[in-house]
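Reviewing the structure listed below.
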Amino acid sequence: MTGSVARRSYKLGRREATAAERRSRVINAARELLADEKGPPGFTVEAVAAAAGVARMTVYHQFQSKRGVLEALFDELANRGLVPHLGAVIHQPDPALALDALIDAFSAFWNSDRTVLRRARALASLDLEIAESVRARDERRREHLSRILARFPGGPALSPRELGALTDTLHVLTSFETFDGLLRGNRSFKATVQIVRDLASAVVRPVR
C-alpha cells in the first residue's frame, strides 16, 4: 500500500469513526430527551441537535428527519430489549406457547425503557411523524399475532373478519398501553405478565 493510499484510508476511517460517534451522540440525546418527563414540550430535530452538541444539519445529514432519529432510537432499544427474545416466538411450534413467548418478549421490552416508550407514544398523539413511526412498529406485532392465531387448530376455519377481530383484541392486550396501565401500585412485573397471559388465553380459547 502506497503512502498516499494509506493516508486516504486512514482519513476515511477517521471520518467514519467520527460519523459513528456523532450518530451515537444523537441517538443518546434523543433517548435522554424522551426520558426526561419535564423536558421540552416538543421533540424536535433542533432540540435533539442541541442536546447532542451537534449542528442541526448534522442530524438531517445522518437521519434525514425527526422520524429517522426516532427510528434509529427505536431500533437500538429493540435490538437490545426485544429482538433477542423473538426467536422463541418464531421457532416455537406450539401456537399457545408461541403466544406466551410473544407476551413475555414484549412485556420485557415494554419494561426495559418504560419512561422513554411512554413519552414517545404520548407524543405520537400530537406529532404525525412520531405517530407514523409508532404505528409502523405496532403493525409488526400485529403481524406476529395474526400468524400465531392462524396456527391454532381452529385458526384455518376463521373468516377474515373473525381473524381480524381476534388479532385486534390480542393487539390491544399486548400493547404498551395495556402493560403500562396494569403495572402499577404494588403489582409486580411477573403478576402483570400473568394477567396479560390469562386474558390472551381466554381470547384464543375458541380456536384452541
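The values are calculated or read from the model by the stated rules, or taken from the named source; none is laboratory data. Owing to the predicted nature of the structure, the values given are computational and were not obtained by experimental measurement. All Cβ positions, even for glycine, are placed from backbone atoms using ideal geometry, and neighbour counts span all protein chains on display.
Based on what the data block shows, is LEU82 more than 25 Å from GLU71 (Cβ to Cβ), among the hydrophobic types (A, V, I, L, M, F, W, C), touching a residue at least 12 places away in the same chain (Cβ under 8 Å) and surrounded by 15 or more Cβ atoms within 10 Å (Cβ to Cβ)? It is false that LEU82 is more than 25 Å from GLU71 (Cβ to Cβ), among the hydrophobic types (A, V, I, L, M, F, W, C), touching a residue at least 12 places away in the same chain (Cβ under 8 Å) and surrounded by 15 or more Cβ atoms within 10 Å (Cβ to Cβ). Cβ-Cβ distances below 8 Å connect the following pairs, each with a first residue in the range 160-175 that is under 17 Å from ALA105 (Cβ atoms), a second residue that is among the acidic types (Asp, Glu) and part of a helix (DSSP H, G or I), and a separation of six or more residues or different chains: HIS171/ASP138; SER175/ASP138. The set of residues in the range 52-70 being assigned to a helix (DSSP H, G or I), of a type outside the set (Ser, Thr, Tyr) and in contact with a Lys or Arg (Cβ under 9 Å, 6 or more places away or on another chain) consists of ALA52, VAL59, GLN62, PHE63. If you check ALA202, ALA165, ALA131 for being in a helix (DSSP H, G or I), surrounded by 15 or more Cβ atoms within 10 Å (Cβ to Cβ) and not assigned by TED's automatic domain parsing to the domain that holds GLU32, only one passes: ALA131. Only one of the numbered conditions (1) surrounded by fewer than 18 Cβ atoms within 10 Å (Cβ to Cβ); (2) part of a helix (DSSP H, G or I); (3) in contact (Cβ under 8 Å) with a residue 24 or more places away in the chain; (4) more than 20 Å from the chain's Cα centre (by Cα) is not met by ASP138, and that is (4).
Give the number of residues within the range 152-162 that are under 11 Å from VAL204 (Cα atoms) and either part of a loop (DSSP other than H, G, I, E, B) or out of contact with any Leu (no Cβ under 8 Å at 6 or more places or on another chain) (or both). So the answer is 3. When each of VAL48, VAL26, VAL5 is tested for being at pLDDT below 90 and either in a helix (DSSP H, G or I) or over 22 Å from ASP127 (Cβ atoms) (or both), the lone residue that passes is VAL5.
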